[in-house]
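Here is the structure we will look at, set down as structure tokens.
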Amino acid sequence: LPKCCSSTGGCLPASWPVQPAGRRVVFMGDDTWEGLFPKKFFRSYFFPSFNVKDLHTVDDGILQHLYPTVDSGEWDVLIAHFLGVDHCGHKHGPDHPEMAKKLTQMNEMLRSLVDHLGNDTLLLVAGDHGMTETGDHGGDSEKEVNAALFVYSKTPLFVTVPPEEPEAIPQVNLVPTVALLLGVPIPYSNIGEVMAELFSGDGDAVSAALQQLSVYHINAKQVDRFLHSYSLVAQDLPAEQLQHLQQLFSSAVEEHTQLLAQVQGATLVPPELESRLGSLISRFQLYLREARALCTQSWARFHLLRMVGGCTLIATSCLLCYMASELSASSDSFYRSCLLYPLLWGLMVALLLGLAHAFTQEGLDLLLVSSWAAAASQLGFFWHWWGRHPKQRLQAWLGLAFPMGILLFRCGAMFSDSFVVAEARVAPFLLASLVMLLVGKLHWDGRLTVPEGPKQQFLGFSSYRREIWYLLCLVAMLLICVRLSGFFHQCREEIPQCRPSLFLSPLASLRNTRAKNLFYLLCVVLLAGLVYAVRSWLRHYGNLNSSDPLVLFVRWGFPLVVLCIACYWAVASSADDSLGKLQELVQVAVVAFPWAVYGLASMGLLLLLCNPMTVFAKDTRESPGSIVTPYLGVPTSEVDFLHVIPQIYKRMQESQKSRLERGSCRATVAAYGLGSVYSAALVIALTLLGFLLMLLHSERLSLAFLLLFLEAFVLLHIHSRARGLPFSVPWYAVISWLLAASQFFYSTGHQPIFPAIHWNAAFVGFHLDHSTNLLPAVLVGANTFASHILFAVGCPLLLLWPFVCEMPSSQKKKPKKEPREELQEVEEHMMEMRLRESPEKFSTALLQLGLKYLFVLGTQLLACVCAAMILRRHLMVWKVFAPKFLFESLGFVVSSICLLLGISLVMRVDCAVSTWFNQLQLR
Amino acid sequence: MKEAEIRRLLAANLLCVFTIILTAVVPSFFWDGFTVLGTHLAWLCICSVCVSTLNIILHLVLKPNQSHKRSSFAHKISRFLKCCIYFFMSCILFHAIIVLYGAPLIESVTETFLFAVLLSTFTTLQCLCMLGPNVQAWIRVFSKNGAMSIWESSLQITTICSILGAWFGAFPIPLDWDRPWQVWPISCSLGATFGYMAGLIIAPLWIHWNRKQLTYKSR
């Protein structure tokens, strides 16, 4: 039987019996097959396929060669792999005119192909997957895993009338069917079942049944052989069930031989023969199905000991983070004993284990070694900690109750599949509750009201400070941000009435040109607004004054980045054929603009690393004799005009004072932007990262990113209003920061399921194939964990922001104060330089902040892991808990790395500030 | 004196609880097909109206805050109007907050608003009865050591309990149990009602337990 397989999607290539002995296999289509089966085809026509935006190259190529090849007859198997429908789904979604065009084209192709077929040719049209409402696939939803199978032959295939409701056939069944139709052995590792209808031949019912029986017999023999040799190698198939299968098989085979003997002896008459044939076929079917069920079931196994061990490790790590964060606040000299020595312990254990493995010649299990090392170092920590743990007072525990309660709710929500499904709404709910609780608690403690004077006490009245309105406005803004961010959610299939947000689809899928243009303009304007806001913030704090390369980059590079992004969006969202001859130019532009953004952003980050100082120093020491007041109240020159708020550093004054005593000159240095130098560096880094991540998302999600920046800003302001102790970030701030991070994971159009991954991100700036898997993985990962990245890098801002915000309040007080206090007042303008005043405290606070962040992250991960472990036999485990666990753990890794990067950026700035002071003093 | 006052508080609160139970039971005698879940909006209206009338009557009878000033009729009218405006504003504010917390914006506006009215009845109306349209007094009562009588302590407890109840009421909504009471806003309004009732019962008991510690500043 010469055959032809036209598959409109990619088939499961590994399962195709390619190049069976003596058969001529012709392939045309997707060039991925070339890598999978190099030089296996009799003849092949490959076309580049990896760019999902390219709808026509592969299809047109196939159509050019298909009919001549079919007519030439020089083939036994012809595989034509059309890709246009798949790519069109990715680019435009299923309900787009482009898709209609593509489907019509495919229909035409089939119609004319049928005319070219001979009588002895079988046509199989199969899609290897379906698509979701957004046109993507890769997940496990009903719409993705189901696809159509169309079988056509000019000779009638079905003896009986085909059923009205077509049955679903597992994809693995294609392999044995095609193999037997071609007359080649079934591949060794197949566990599929032949499609019996195709083997009925054109004789009467009995001969058809006999033929089907022989086919089933071959199939069953092959599966039995596979199971037998597999169970010899691996022990993971349960022995009882294997035995049961073995019995099924042997009894069926026995009956088969008996029946065949009777048929040859002609002792059976048709009615009885038919029924016995039917029952035997169903026994073979039963065997094959049970074998497949056994394999699918037992290939998903759990290693209980390792699961418990992993959970324990995560739990103790969380405990360690908590202890260490408490300890670092109370004692100063714990670093060596509690952090360094345990690390050495861990290394030692790892080394010992490695040596032991080397001597015993066993395979080195990296996972086991590293977990043992971690356990050892944790033991070391707790050993050292035991001696010096501070006594906790009940009061302190009670203060923790509110934020920890919210965290507990969040973790508890991971154990219910409904809550995991609804987590996109749970996280904002909890965030809003936490902030409202915070404000309520501040009010309850009387920190928002004016201290009662005698008169007010008499009346029993209290009145608010004026700041309360500011705080209330901030809270209202936060709530509005939280609510608005709910408009960007992606849907899960578990909630059938849900409609995915309009903003998720790329602009290219919009049919209404006017709406497209409006949205485009809105996105670009908001992007420009972000740059404007960042620049005016920097200018407000005097960080835009110097002429360092970094500042110049902020001034000129940021608008350029925005311009590139805007151009890229314009090119990418334009319709396919609207540009006509400019098509080639567009192809270049689609690649060039993202690369320009990548280049500019990495240049900016490099500049930031090289010289993160955004300080402009006005040295007046050269003019001897002049007494410069530290606070330049009235701007005198143009330079001063730009520097709205000059910052003075106390130590500077002191060093100058000592000089004054020694030397003759009385002068000082005015440094603009010194008070917010740490935050400025972080803000610049965050903005650059934001640009990169926005580029990877579809155009209209930039609105969600703007909400993200706004919400983070508001959160920081609320936090700096509400904080108590300096140098320590309270728990509620860390928890609200992380809640916002997970809220925006959902609000940037993601869900912890595989169908919701934005695969398009891998092709931003890449028109054709990727040479490695690393780069697309990084791009898709950055797209998926965008909010984790931004919030983790921005985490040190929680520590810095209250120092930055301290200025306006002290300025307000200024007129009220006595002139004698003026000097003190000036000292209060130090902002972030307060941190440099006590470097010990600064580093401790930074460590504490990192530990707290890791603790909250780790607790969430622990809840997720425990849920996946405890509920591993739950109905929803593969749909809900396992993907959630994977996403959460990847998010944990990404967040931890980014947290370290953020903290190291702050430390880099600290180094730069130190060298800056040294240079000043040397001058 | 104090014991007697606590007893009065307990009686008043129990009366409130009893009324709420009655609002769930009695209408079904007059109106076929009335259930709290099935005709939830009607129950919301009935409950709000009954609780507010009872509260106003109780306030008039018990007079927990004796005002020494005699005020003119015009003054009383303006006070009453102010109270109405405050109540309406609190309904709007609650509605806005509920929507910001994730309630649907356009669909089921009536439900959301009636839920806001119910919450206002449980919280704002009580404050209005007890303290009058005097925001500064409200601020004072809802802060640490701000209560000046057992009535005000009770007000604190019932208000916080109602709001907490409404908050917890949102928890079952995402669950896939397909129960009729999981529909918005039934679970929340039931939560608020149960919270309010719990607060009404807890308040006298709590004041009774802590009567040694509770020393109210006299005016």
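Only the coordinates and a few stated rules stand behind these numbers; no lab work does. Just so you know, these numbers come straight off a predicted model, no measurement behind them. As a convention, Cβ positions derive from the backbone with ideal geometry for all residues, glycine included, and neighbour counts pool all protein chains shown.
Counting every C-alpha pair in chain B, the share spaced more than 33 angstrom apart comes to 18%.
For the pair the stretch A:255-315 / the stretch A:473-528, the C-alpha centres are spaced 50 Å from each other.
Converting phi to 3J(HN,Hα) with the Karplus coefficients 6.51, -1.76 and 1.60 and the offset θ = phi - 60°, the stretch A:339-346 yields 10, 6, 4, x, 4, 5, 3, x Hz in sequence order, with x at every glycine or proline. For B:Ile46, A:Ile753, B:Ile57, the sequence from fewest to most other C-beta atoms within 10 Å is B:Ile57, B:Ile46, A:Ile753.
Couplings 3J(HN,Hα) of the stretch A:430-435, computed from phi: 5, 4, 4, 5, 4, 5 Hz, in residue order, whole Hz [Karplus 6.51 cos²θ - 1.76 cosθ + 1.60, θ = phi - 60°; x for Gly and Pro]. Residue-wise HN-Hα couplings along the stretch A:519-534, as the Karplus relation 6.51 cos²θ - 1.76 cosθ + 1.60 with θ = phi - 60° gives them from phi, are 4, 4, 4, 4, 4, 5, 5, 5, 4, 5, x, 4, 4, 4, 4, 5 Hz; Gly and Pro carry x. Among the listed pairs A:Lys53/A:Lys884; A:Lys91/A:Lys143; A:Lys91/A:Lys879; A:Lys441/A:Lys841; A:Lys53/A:Lys101; B:Lys2/B:Lys76, those whose Cα-Cα separation exceeds 21 Å are A:Lys53/A:Lys884; A:Lys91/A:Lys879; A:Lys441/A:Lys841; B:Lys2/B:Lys76.
As a proxy for reagent exposure, B:Phe34, B:Phe94 were ordered by neighbouring Cβ count within 10 angstrom, fewest first; the result is B:Phe34, B:Phe94.
Around the amide H of A:Ala617, modelled in the peptide plane, lie the amide H atoms of A:Tyr672, all under 5 Å away and 5 or more residues distant in sequence or on another chain. Summary of the geometry: the stretch A:841-898 and the stretch B:120-175, compared by the centres of their Cα atoms, lie 37 Å apart.
Charging the Cβ of each Asp and Glu at -1 and of each Lys and Arg at +1, and nothing else, the dipole of the stretch A:485-540 about its Cα centre rounds to 280 debye.
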